[in-house]
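The next block holds one structure in the form of structure tokens; read it before the comments.
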Amino acid sequence: MSSPGMDFTALRLSLELGVVTVLLLLPLALMTARFLAWRRFPGKSLLEAALAVPLVLPPTVVGYYLLVGMGSGSWLGEWVERMTGQSLVFSFSGLVVASVIVNIPFAVQPMQRAFEAIPGEVRDAAACCGMGFWRTLLTVELPLAWPGVVTAFVLTFAHTLGEFGVVLMVGGSIPGETQTIAIAIYDRVQAFDYAAAGQMSLLLLVFSLLVLALAGGWGRRIGRRDALPRI
Amino acid sequence: MPCPGSDFRLAVTLAQPLPMRAELHCGGAELLALVGPSGSGKSTLLRLVAGLSRPAQGRIECGSACWFDSARGLHLSPQQRRVGFVPQHYGLFPHMTALGNVMAGLHSLPVRERETRARHWLDRVHLPGLAQRRPAELSGGEQQRVALARALVREPSILLLDEPFSAVDQVTRQTLHLELAELKQELGIPVLLVTHDLDEALLLADHMTLLARGRTLQSGRPEAVMAEPVNAEAARLLGARNLLPGTLLRHDAATATSWIRVGSVELAAPLAPDLDPQTEVLWMLPPDAARLTADSAAPPAGHTDSLRVCIRTLLPLGGSVRITANIPGLDTPLQLQAPPADVAALNLQAGARARVEFPRARIRLLRP
């Protein structure tokens, strides 16, 4: 495919960021979602609010706090710099940390809703069938929560590809290191290269539509197959 | 290890989710019905037995195995208890077939043996040919059978049934009642059945325990519990229709009689020495124990007593007539029932006078 306007480096970087974010975030989010779905404890609402904050704050605000929190002046930034010799901000690693944090609500909430929808009696029955934690998780809970897991995967991946404000604040726009496709589009528009911006925008648009449609259709099929029995 | 024929014993207290102090005993091959209103703690008790909740204090034993002992800090998980549990809405795994659901109870065995055993139990609960259906494709009764097969395939030490017949129609319920009665005989393990249906308890249970507000009020054979509730609360929970106020006048040990004043009349009741004279009591008369006769008839002799009443209302209902009648000087009416032929023969109508006869032994005195 000959497309002089397409920034493949930025596209590859975005895809890498999406994959790494999903791989790191989904297992953690799954356990968090499962915990939040079934446990009641003091301060639960506060914790849920804290995890949902990236949804409502302007990306620049999230980006600012991450920049300050991961900068060399912070304990985290200082520690990472001492251990690796590299700064966390304006690097791919920093982008991954930021991306994981920003995507927490997109990963946790669909899975939490999915776990909440599993009737308590089903989990009780699993325990009385002698199933331990992992067997119940793998053979009962995950298959039933699967539509929520798929939604979490899709939202996290698609949102990582499309994230702009936080990535710009934390990573800057270093080609090959932190310049994702969303930032590359912005740069092209700034340079009045509308053809390239259009090409990349169209790619993101088509990709997002396809992924959402596929995930939605698959989730519905699983939902129908595993419908709870009518009693 | 399963312990067929072993007794089950429980004595626990609980603070959350509701204050509870309960004691249960179920013989090795017996069915114990846990009866009580909503919120009385029936289902909570089953969860404690299954190990799904933990009591604050107490002891739970099945045969020689101790499942919970607060004194020793012992609490076995549900996985360690070998409990067959059928939740109220069955808790079937919706993404698995009927066969898969039953096989799920046997995950530690080789696949071939799991399938053989699971099919055997599906046949036992009369579900051949439906092994590949998912729960959503089964009727309520069929789902209940799958849940029962899944609970029994593990050869449990005890079977717990949480209102298993509440979600099926009347015809299916009658069939399932018979099947459970047969199964109970074959299994030889204690069966705990939670129900709020007294008729179901009378039909199926060897023993029944009456629960209210987290406390065990009374235990015994169902007919005995129904006939002789220990107190007014138990009587009300058992649906006693005539629970009327009176004053205990005196005990007469020689004739085994306690005399009470009811309105403006005196009434003899079986001796109740634990109640103090000159205190308010409640007396209970089952409507089916009373017979209406003409007002002019002579008072009966021997151990049959009678009261003069004034008919208040008459309501034909299901082959008999429900009657309310006033006892002189008492506001609360007596509830009676009589065959329509008797009502016609006595020419009973609102405002008419009549006499109510009943065996003295059927009156029961209770503390209010």
Problem - Unmet requirement for B:V168, which otherwise passes all of (1) touching a residue at least 60 places away in the same chain (Cβ under 8 Å); (2) touching a Gly at 6+ places or on another chain (Cβ under 7 Å) - result: (1)
Exercise for the section: Look through A:L76, A:L88 and report the one residue that is of a type in the set (A, V, I, L, M), more than 14 Å from chain B (Cβ to nearest Cβ), within 22 Å of the chain's Cα centre (by Cα) and not in a helix (DSSP H, G or I). Expected result: A:L88
Exercise for the section: For B:T332, work out the one condition from (1) closer than 15 Å to B:R353 by Cβ; (2) touching a residue at least 24 places away in the same chain (Cβ under 8 Å); (3) among the β-branched types (V, I, T) it doesn't fulfil. Expected result: (1)
Fill in the blank from the handout: Taking first residues from the range B:41-54 that are more than 17 Å from B:P190 (Cα to Cα) and second residues anywhere that are in a loop (DSSP other than H, G, I, E, B) and not basic (K, R), the pairs with Cβ under 6 Å that are 6 or more apart or on different chains are B:G41/B:L18; B:G41/B:G214
Problem - Qualifying positions in the range A:109-161 - of a type in the set (S, T, N, Q) and away from chain B (no Cβ under 14 Å) - result: A:Q109, A:Q112, A:T151, A:T156, A:T160
Practice task
Assess whether A:V80 counts as being of a type in the set (A, V, I, L, M, F, W, C) and within 30 Å of A:L142 (Cβ to Cβ).
Solution key: no
Exercise for the section: Please indicate, with yes or no, whether at least one residue in the range B:149-157 is of a type in the set (D, E), within 14 Å of another protein chain (Cβ to nearest Cβ) and assigned to a loop (DSSP other than H, G, I, E, B). Expected result: yes
Fill in the blank from the handout: Going through (1) under 26 Å from B:S219 (Cα atoms); (2) away from chain A (no Cβ under 14 Å); (3) free of Cβ contacts under 8 Å to residues at least 24 places away in the same chain one by one, B:L74 fails only at (1)
Completion exercise
When the range B:127-143 is checked residue by residue, the ones that are at the interface with another protein chain (Cβ under 9 Å from one of its Cβ atoms) and modelled with pLDDT of 90 or more are B:R134, B:P135, B:A136, B:E137, B:L138, B:Q143
Handout entry: Answer residue from the range A:96-130, given it is crowded, with 24+ Cβ neighbours inside 10 Å and assigned to a loop (DSSP other than H, G, I, E, B) and is farthest from the chain's Cα centre (by Cα) among those
Key = A:C129
Problem - Residue in the range B:231-244 that is in contact with a strand residue (DSSP E or B) (Cβ under 8 Å, 6 or more places away or on another chain), among the polar types (S, T, N, Q) and under 25 Å from B:G51 (Cβ atoms) present - result: no
Completion exercise
Result of the Cβ filter at 6 Å on the range B:340-368, keeping first residues that are surrounded by 16 or more Cβ atoms within 10 Å (Cβ to Cβ) and partners that are aromatic (F, W, Y), at least 6 apart or interchain, is B:I363/B:W283; B:L365/B:W283
Completion exercise
Scanning the range B:144-166 residue by residue, the ones that are modelled with pLDDT under 90 and more than 16 Å from A:D124 (Cα to Cα) total 2
Problem - Hits in the range B:122-148 (condition: surrounded by fewer than 23 Cβ atoms within 10 Å (Cβ to Cβ), part of a helix (DSSP H, G or I) and hydrophobic (A, V, I, L, M, F, W, C)) - result: B:A136
Practice task
Can you tell me which residue among A:T156, A:T136, A:T151, A:T160 is hydroxyl-bearing (S, T, Y), farther than 30 Å from B:E155 by Cβ and surrounded by fewer than 24 Cβ atoms within 10 Å (Cβ to Cβ)?
Solution key: A:T151
Practice task
Kindly indicate whether any position in the range A:20-39 is under 27 Å from A:L204 (Cβ atoms), part of a helix (DSSP H, G or I), in contact with a Pro (Cβ under 6 Å, 6 or more places away or on another chain) and aliphatic (A, V, I, L, M).
Solution key: no
Exercise for the section: Consider only pairs whose beta carbons are under 6 Å apart and that are at least six residues apart or on different chains; among these, list those whose first residue lies in the range B:27-38 and is touching a residue at least 60 places away in the same chain (Cβ under 8 Å) and whose second residue is among the charged types (D, E, K, R). Expected result: B:G27/B:D7; B:G28/B:D7; B:E30/B:D206; B:L31/B:K184; B:L31/B:D206; B:L34/B:K42; B:G36/B:K42
Exercise for the section: Confirm whether A:I101 is away from every other protein chain (no Cβ under 14 Å) and among the aliphatic types (A, V, I, L, M). Expected result: yes
Exercise for the section: Answer with yes or no whether B:R124 is away from chain A (no Cβ under 14 Å) and farther than 29 Å from B:T44 by Cβ. Expected result: yes
Completion exercise
Within the range B:331-357, the count of residues that are assigned to a strand (DSSP E or B) and over 26 Å from the mean Cα position of the chain (by Cα) comes to 6
Exercise for the section: Of the numbered conditions (1) under 23 Å from B:A227 (Cβ atoms); (2) part of a strand (DSSP E or B), B:R308 fails exactly one; give the number of that condition. Expected result: (1)
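The values are calculated or read from the model by the stated rules, or taken from the named source; none is laboratory data. Keep in mind that what you see is a predicted model, and the values were worked out from it rather than measured. So basically every Cβ, Gly included, is an ideal-geometry build from the backbone, and we count neighbours across all protein chains shown.
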